Amino acid sequence: MSLPILIQTVLTPIVLAPIVYLAGRKLSHHVGWLSFAILLHSTAMMLMVAGSEYLEVYSWVPRMGWDIGFKLDGLSLPFALNVAVLSTVIAVYSIPYMEHRIGDKPEEYGSYYALYLLYAAGMLGAVLATDLVEFYIFYELMLIPSYLLIARWGYGERERIAFMYFLWTHIGALALLASIVAVYWVTGATSIEAVKTILQNTRIPFQLEVGIATAMLLGFLVKMAVLGLHVWLPHAHAEAPTPISALLSPAMIGIGGYGVIRIALGFFPQFFKVYSLPIAIWAFLTMVYGGLMALSQDDVKRLLAYSSISQMGYLLFGISSVNMLGISGSILHYLSHGLGKGILFMVAGILIMQTELRSISRMGGLASKMPLTAVSALIGFLTLIGLPTTSGFISEWMIFGGVIRSSLASGSMEKLLVAVLGLLATMFTAGYGLWTVRRVFFGPTPTHLEEVKEGSMLALAPIIALAILTFIVGVFPAPILDRLTQTIMLSSNLG
Amino acid sequence: MIEAWLCWLTPISGALLTPILAKIDHKVRDYGAVAFSLIAAIFASRLLPVAIEGITIWERYSWMPIPGAPIFVGVLVDPLSVIMANVVSWISFLIMLYSLEYMHSESGLTRYWFLMNLFIGNMLLLVLSDNLLQMFFGWEGVGLCSYGLIGFWYRDEKKYWVGTYPDEYPPSHAGMKAFITTRMGDVGMLIAMLAIYSYSGTFSIPELQSNPVWASTLLESGLLTPILLLMLLGPIGKSAQFPLHEWLPEAMAGPTSVSALIHAATMVKAGVYLIARMAIIAASLIPVIGFEGFHTFFLAVAWIGGFTAFLAATQAVVARELKKVLAYSTISQIGYMMLALGAAGLAADIAEGLTASIFHLVSHAVFKASLFLASGAVLHVCETKYMDEMGGLKRYMPVTFISMLIAALSLSGVPPLLGFWSKEAVLKVCFKTGDLALFLLSAVTAAITFFYSLRMISITFLYPKSKHLEELEVEGLHLHEVSPIMWIPYSLLAVSTLILGVLGWFVEEAFHESLSHLVTATHHLEAVVEPHGAVIDPSIASMLASISALIVGGLPGYWLYVARRADPRLIVEGSPILKAIWGFLWNRWYINKLYYLLFVNLPIALARITNRWIEVGFFNGIQYGLSWLTLRLATFTNRLVEVSFFNGIQYGVAELTARLCRASRLLQTGSLNINMYQVSIILALILVILLIFMGVW
């Protein structure tokens, strides 16, 4: 039995959420620091055991064979790291932002941070879970607090949009639940590792495999908001309170990708090999569609939301390669998209705090007023564009390297064509990214923005932390890459 | 070879230190930045023995542990990289020195020095890398810095715009255009790199050179040529060659020192360097897989180079802005370098083509840096970017005039300047390919080059003083020579082009000696194209071509602009054909307009349409439609199923029960006798049924 470390990572925020709620009445917005401390503890606990593969298992419902386990291996590390780091720094960012959003209503801070902690814990639990039932519970736990956060502190038609968000993702979750039940019915097990072993050693009819895998894939792809299942995302991500947007888009939706890799692909590699090309095409269309839509937006948060759809296309694209290079690239892309988009949503939040504007056409020339914000925005977009020395490049070349390698290996010219077109689609990212930077930060400053000041240090510090991380990962990827590729190689026999 | 590492690490560290030095004092920051570039140049010089001896030193350390195909970080020190590193670092240093004075009154200098040093460092990283992936870091780093520096005046004040109304572009737009255009090429390059990596399992240049298996596998599957051509897209973008050349004319929106850095020392030279590397790799693979595998690639390089040289030169003839003439001439001269590399493969003499190309690269770096720095001084003094608003500057700025004249003559290939030798070397290798069309094209381009150089020098320095300058003088400005810290760098460069030119033949031999160590393998190989050197000696042919080009271009240039026997404007106005040609050239062959239509307006329109019809119309429509339908269904179910049917049944059952009760009340007579009858009848019935079921009956 291992020391109870990871369980602290996940359960401490849940257990302490009510205390944060109560403390909020006394501490008002300062309770953000308490949440920060709690999440910092979670991150620290996780980093303590990040050196090698680490597994904790606790018995839960012995009669059903359900365990609660937490596993940190090369595959879950990038995800858990991203969620932990983002939720920790965004807790700090929330302090100035929610003060701006909530204002002088001290009783509301407690509920915001309590929900925030539950939300973060849901995501951490989902990526560390070792059991399908446990995974599903955490997967749904992400949904409920985020729904409430949007409904309560969002913008625009926030209640309607929160409801829409809930419905869409819940329908996805139900498809997932159906597939989990089916898997249980076939294998009689719920532990991810056990199911995988059983499925490797028993032949099940391919039609059945296709059925289950499709349901599962749909469940995850709703979360990832790939083309066709994306309708909820621009609304939710644009109208959520900005710190929550900065968790929804960079941290949460990619967990769908984690599910695809850890669970769907782990269980049904054959399905993915057979349907590699349609998945690649779907991913490509998502990339292009998200990019095109981002080009046409005027609301800065909506633009970022569509960009997230496009980036999830890259993630799925890497998965469609079904080889070590491409999948490792996808996983790293989750991390680098998290860092880049985290920076960008926080930048959008600073713009909202300092100018009260979201419309790009009403901004301009802000680089001289807020130089640090401008540089951060540029770094964020460059990470998405995949410029070398940012983490975005490492993930991008691995994704496309993986797809090209798989198409050359299979001799599939269609797939090579999709890979080439996919790389060309990265031009959209450069287009909307640099164009946005130009329209917001360069050119003459309009008169109504003459008095704008740089954002507060409290809002900028989390951004700077992420910016440093994107360069560290971009230049020294080895510590993460080493374990990631090893795990992928071992876990799914991919060459 | 610690010097090789430090050579590129110093400017990058210098860049990162700039914001910290700026906190101390702005003088410390400025001189510190220049010092870092000087240190890099000194490190580069310490590598020179490698180039002279013609040896190769290769060092590397683990970087990305990809199972089966690990990636390293390393340096490759060989004659080519050493020559490049020295050109880059020394010319950059002079530009940095010049910037001290040129930029001193600007704001945002921390950003300037940061980006300049980062630019230099990335370029050095690019040329010293031992593998393609690491090189790509430098490659994109150069792109990023150019984006930041071209758009240095990001506030887009009107005076920093480039072009003439209605084709004017603000600096921030120009920076973005440069980044996005070059990136289009980089995408192709990345595809090629990744494809090569998936076949060979390595990005390392020496490994690609020594192991021909990847190339022969690609050749067998018919993919070698497509991949080489995709790879070529990267250099085409970075070196501003057709069809990705349109970013460079706007790239002059940045400070002139930046233009000098982009045009002379860094950025555009990166593409030539990469193709030179590819040619060297090809040279070592040719003994195994033959020339045929690379024929299309070299043919494409040669023709793209030759055509671009011509395309850009024609546009330089009509340009109004001083820096734009220089920008077009850069595109054109880089075309020559490409041409030489392509010709190297076509003439089956990689060593000679490589020498010609790199020799021209070095010579261009020297005279173009001089030209740009001097033009910066002119712009500074005249407060205009248009040549026709200058004029008569020879009297006021003699040092600048002489430097610019020497450099422009070198650009035109006038003997005995360095440019003459290098251009002649290019023409020679071009002649050796046996492709007469290509040779003539490059000779014609040489003639046009001399013509526009004379035009530029004359309009700027020899023409009578313009109205604009006279107005400025009325306002109290007096035209003057710039300070020595500005003119020393460019006059030094002009003198070098002269001195090196006098020694030109020896310089060329030295380059050939050094670079041919890299391609020893291809000596004495059978060529695909039979050179027709038997008819006429290539050296004589190229010499003749150079001289005739000078006469053909020089005479009308002298007649029209220096001697001013006729007014060129009136000649053009008078002839509809010339006017049409002028318009065609002025509009950059309409390529720029076409690109804006295809790659800017079209995607944005497409995005708007997608938003309107697909996202809002279709997807959101479906969603709202579904929710509307669900609500409708619910209402309908409520009314028909719930109220009418189920409630109906419920009430019906209740009613029926009540009626039954009422009916059965009639039976409840209270008389025991009647009840007993009923009981016995029912019991009898049950008995009968039971008997039937038990099969008794």
**Item:** Residues being more than 16 Å from B:ILE227 (Cα to Cα), surrounded by fewer than 21 Cβ atoms within 10 Å (Cβ to Cβ) and at the interface with chain B (Cβ under 9 Å from one of its Cβ atoms) - total across segment A:410-437
**Value:** 2
**Item:** Residue selected from segment B:30-76 under the condition within 14 Å of chain A (Cβ to nearest Cβ), assigned to a loop (DSSP other than H, G, I, E, B) and not aliphatic (A, V, I, L, M), by the criterion surrounded by the fewest Cβ atoms within 10 Å (Cβ to Cβ)
**Value:** B:GLY68
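Select, from B:GLY148, B:GLY121, the only residue that is over 24 Å from B:ILE205 (Cβ atoms), in a helix (DSSP H, G or I), in the same structural domain as B:LEU248 (by TED's automatic domain parsing) and touching a residue at least 24 places away in the same chain (Cβ under 8 Å).
Details: B:GLY121 fails: over 24 Å from B:ILE205 (Cβ atoms).
Sole residue among the options that is over 24 Å from B:ILE205 (Cβ atoms), in a helix (DSSP H, G or I), in the same structural domain as B:LEU248 (by TED's automatic domain parsing) and touching a residue at least 24 places away in the same chain (Cβ under 8 Å): B:GLY148.
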**Prompt:** Restricting attention to segment A:207-231, and to residues there that are in contact (Cβ under 8 Å) with a residue 60 or more places away in the chain and out of contact with any Ser or Thr (no Cβ under 7 Å at 6 or more places or on another chain), which single residue is farthest from the other protein chains (Cβ to nearest Cβ)?
**Reply:** A:GLU209
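Please find, among B:ILE581, B:ILE571, B:ILE577, the residue that is out of contact with any helix residue (DSSP H, G or I) (no Cβ under 9 Å at 6 or more places or on another chain), modelled with pLDDT of 85 or more and farther than 30 Å from A:GLY291 by Cα. Spell out the reasoning first.
On the way: B:ILE581 fails: out of contact with any helix residue (DSSP H, G or I) (no Cβ under 9 Å at 6 or more places or on another chain); B:ILE571 fails: out of contact with any helix residue (DSSP H, G or I) (no Cβ under 9 Å at 6 or more places or on another chain).
The unique qualifying residue is B:ILE577.
Quick grid of which residues meet (1) over 14 Å from the mean Cα position of the chain (by Cα); (2) crowded, with 24+ Cβ neighbours inside 10 Å:
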{"site": "B:SER107", "(1), (2)": "yes, no"}
{"site": "B:MET123", "(1), (2)": "no, yes"}
{"site": "B:SER129", "(1), (2)": "yes, yes"}
{"site": "B:LEU149", "(1), (2)": "yes, yes"}
{"site": "B:TRP161", "(1), (2)": "yes, no"}
{"site": "B:PRO170", "(1), (2)": "yes, yes"}
{"site": "B:ALA178", "(1), (2)": "no, yes"}
**Request:** Could you grab me the full set of residues in segment A:367-377 that are at pLDDT below 90 and among the aliphatic types (A, V, I, L, M)?
**Result:** A:ALA367
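Can A:LEU384 be described as within 24 Å of B:GLY175 (Cβ to Cβ), facing chain B (nearest Cβ under 9 Å) and either of a type outside the set (Lys, Arg) or surrounded by fewer than 21 Cβ atoms within 10 Å (Cβ to Cβ) (or both)? Show your work before the answer.
Working: within 24 Å of B:GLY175 (Cβ to Cβ): yes; facing chain B (nearest Cβ under 9 Å): no; either of a type outside the set (Lys, Arg) or surrounded by fewer than 21 Cβ atoms within 10 Å (Cβ to Cβ) (or both): yes.
For A:LEU384, the condition - within 24 Å of B:GLY175 (Cβ to Cβ), facing chain B (nearest Cβ under 9 Å) and either of a type outside the set (Lys, Arg) or surrounded by fewer than 21 Cβ atoms within 10 Å (Cβ to Cβ) (or both) - is not met.
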**Prompt:** Would you call B:PHE93 at negative phi, among the hydrophobic types (A, V, I, L, M, F, W, C) and either at pLDDT below 90 or not in a helix (DSSP H, G or I) (or both)?
**Reply:** no
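Of these, B:LYS323, B:LYS368, which one is basic (Lys, Arg) and either outside the structural domain of B:TYR490 (by TED's automatic domain parsing) or farther than 25 Å from B:TRP582 by Cα (or both)?
Values: B:LYS323 fails: either outside the structural domain of B:TYR490 (by TED's automatic domain parsing) or farther than 25 Å from B:TRP582 by Cα (or both).
Step by step, each of B:LYS323, B:LYS368 is checked, and only B:LYS368 is basic (Lys, Arg) and either outside the structural domain of B:TYR490 (by TED's automatic domain parsing) or farther than 25 Å from B:TRP582 by Cα (or both).
Would you point out which residue out of A:SER376, A:SER361 is in contact (Cβ under 8 Å) with a residue 24 or more places away in the chain, surrounded by fewer than 24 Cβ atoms within 10 Å (Cβ to Cβ) and within 14 Å of chain B (Cβ to nearest Cβ)?
Working: A:SER376 fails: within 14 Å of chain B (Cβ to nearest Cβ).
That would be A:SER361, the only listed residue that is in contact (Cβ under 8 Å) with a residue 24 or more places away in the chain, surrounded by fewer than 24 Cβ atoms within 10 Å (Cβ to Cβ) and within 14 Å of chain B (Cβ to nearest Cβ).
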**Item:** Conditions (1) surrounded by 22 or more Cβ atoms within 10 Å (Cβ to Cβ); (2) β-branched (Val, Ile, Thr); (3) in a helix (DSSP H, G or I): number failed by A:ILE352
**Value:** (1)
**Item:** Conditions (1) farther than 28 Å from B:PRO484 by Cα; (2) basic (Lys, Arg); (3) assigned to a helix (DSSP H, G or I): number failed by B:LYS27
**Value:** (1)
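Rundown of residues vs (1) modelled with pLDDT of 90 or more; (2) within 26 Å of B:ILE71 (Cα to Cα), yes/no style:
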| residue | (1), (2) |
| --- | --- |
| A:ILE399 | yes, yes |
| A:ILE404 | no, yes |
| A:SER407 | no, yes |
| A:GLY411 | no, yes |
| A:GLU414 | no, no |
| A:VAL420 | no, yes |
| A:THR426 | no, yes |
| A:THR429 | yes, no |
| A:GLY433 | yes, no |
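For segment B:156-185, give me each residue that is among the aliphatic types (A, V, I, L, M) and within 11 Å of another protein chain (Cβ to nearest Cβ).
So the first thing to find is which residues in segment B:156-185 are among the aliphatic types (A, V, I, L, M), and the list is B:162, B:174, B:176, B:178, B:180, B:184.
Within segment B:156-185, B:ALA174, B:MET176, B:ALA178, B:ILE180, B:MET184 qualify.
Could you say which residue among A:LEU449, A:LEU469 is surrounded by fewer than 21 Cβ atoms within 10 Å (Cβ to Cβ) and either closer than 16 Å to A:LEU372 by Cβ or more than 12 Å from every other protein chain (Cβ to nearest Cβ) (or both)?
Answer to the selection: A:LEU449.
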**Request:** Go through (1) over 30 Å from B:TYR558 (Cα atoms); (2) at pLDDT 90 or above and name the single condition B:ILE289 misses.
**Result:** (2)
**Asked** For segment B:378-402, how many residues meet the condition of being under 30 Å from the mean Cα position of the chain (by Cα) and either at pLDDT 90 or above or of a type in the set (Val, Ile, Thr) (or both)?
**Response** 2
**Request:** Pairs only if they're at least six apart or on different chains, beta carbon under 8 angstrom, first in segment B:189-203 and facing chain A (nearest Cβ under 8 Å), second of a type in the set (S, T, N, Q); list them, first residue then second.
**Result:** B:TYR199/B:THR217
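What tally of residues in segment A:291-327 results from selecting those that are in a helix (DSSP H, G or I) and either charged (D, E, K, R) or more than 13 Å from every other protein chain (Cβ to nearest Cβ) (or both)? Show your work before the answer.
First, pick out the residues of segment A:291-327 that are in a helix (DSSP H, G or I): A:291-295, A:300-320, A:324-327.
If we keep only those that are either charged (D, E, K, R) or more than 13 Å from every other protein chain (Cβ to nearest Cβ) (or both) too, we end up with A:300-302, A:304, A:308, A:311-317, A:319-320.
Total satisfying the criteria: 14.
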**Fill in**
Here the residues within segment B:135-150 that are facing chain A (nearest Cβ under 9 Å) and either over 14 Å from B:LEU190 (Cβ atoms) or of a type outside the set (D, E, K, R) (or both) are B:PHE136, B:PHE137, B:GLY138, B:TRP139, B:GLY141, B:GLY143, B:LEU144, B:TYR147, B:GLY148
**Request:** Any chance you could count how many residues in segment A:91-135 are out of contact with any Phe, Trp or Tyr (no Cβ under 9 Å at 6 or more places or on another chain) and surrounded by fewer than 20 Cβ atoms within 10 Å (Cβ to Cβ)?
**Result:** 6
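If the requirement is being at pLDDT 90 or above and closer than 19 Å to B:VAL362 by Cα, which of these qualifies: B:GLY234, B:GLY271?
Numbers: B:GLY234 fails: closer than 19 Å to B:VAL362 by Cα.
Criteria check complete, one pass: B:GLY271.
Just for helices (runs of 4 or more DSSP H) wholly inside segment A:146-260: which have at least 1 residues that are buried (at least 24 other Cβ atoms within 10 Å of the Cβ)?
Of the helices (runs of 4 or more DSSP H) lying wholly inside segment A:146-260, those with at least 1 residues that are buried (at least 24 other Cβ atoms within 10 Å of the Cβ) span A:158-187, A:206-224, A:232-239, A:242-247, A:253-259.
What number of residues within segment A:1-32 satisfy the criterion of being under 30 Å from A:GLU99 (Cβ atoms) and surrounded by fewer than 15 Cβ atoms within 10 Å (Cβ to Cβ)? Lay out the reasoning, then the answer.
Pass one, segment A:1-32, residues under 30 Å from A:GLU99 (Cβ atoms): A:8-32.
Then keep just the ones that are surrounded by fewer than 15 Cβ atoms within 10 Å (Cβ to Cβ); that gives A:15, A:18, A:22, A:25-26, A:30.
The qualifying residues number 6.
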**Asked** Within segment B:591-610, can one find any residue that is free of Cβ contacts under 8 Å to residues at least 24 places away in the same chain, in a helix (DSSP H, G or I) and over 30 Å from B:GLY163 (Cα atoms)?
**Response** yes
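Taking the options B:GLU59, B:GLU53, name whichever one is more than 13 Å from B:PRO255 (Cα to Cα), in the same structural domain as B:TRP487 (by TED's automatic domain parsing), acidic (Asp, Glu) and without any contact (Cβ under 8 Å) to a residue 24 or more places away in the chain. Show your work before the answer.
Values: B:GLU59 fails: without any contact (Cβ under 8 Å) to a residue 24 or more places away in the chain.
From the options B:GLU59, B:GLU53, the qualifying one is B:GLU53.
The values are calculated or read from the model by the stated rules, or taken from the named source; none is laboratory data. The structure displayed is predicted, hence computed values, not measured ones. No Cβ is skipped: glycine too gets one built from the backbone with ideal geometry, and neighbour counts run over all protein chains shown.
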